């Protein structure tokens, strides 16, 4: 059962773990139909996910304790975020384009969440932390979408 985040610290922990598990999951994706281009894309996406996990771990270590303890349960009550474990989803049931689309959708949900948190932050320090995570997530989501589109052009 996935932990439901109630504080910003919980959310960063879950988000970091999500990216690390996605990296592992994408690395293990392999079907007889997976060609070299698709395998390279999966390796690239896995690398990006691991970079995100590592970046969030560093950000969390560098952050003040105060903003990390900020509660935001009103969002999670209405929007079930991080309500699944990536390893519970059998990616082999999907073709490579669907895996890429799912990955993009999950990143879009995280970006939406951090937009929400940034807009409703009650202190400057909490807003800055949420904005920093938003910038990291949004940048990586855009780059991953761009990379997925480029791989289809090859």
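None of the figures in this text is laboratory data; all of them are computed from the coordinates on show. Here the structure is a predicted model, which is why all the values come from computation and not from measurement. Cβ placement follows ideal geometry from the backbone for every residue including glycine, while neighbour counts extend to all protein chains displayed.
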**Complete:** At R0 = 30 Å the Cβ-Cβ FRET efficiency linking residue 57 and residue 101, nearest 0.05, sits at 0.65
**Item:** Long-range tail of P(r) for the stretch 8-153 (Cα pairs > 19 Å, %)
**Value:** 52
**Prompt:** Is any residue of the stretch 98-131 close enough, with backbone N under 16 Å, to a label point placed 7 angstrom from the Cα of residue 33 along the Cα-Cβ axis, and if so, which?
**Reply:** 98-102
**Request:** Just rank 25, 47, fewest to most, by other beta-carbon atoms within 10 angstrom.
**Result:** 47, 25
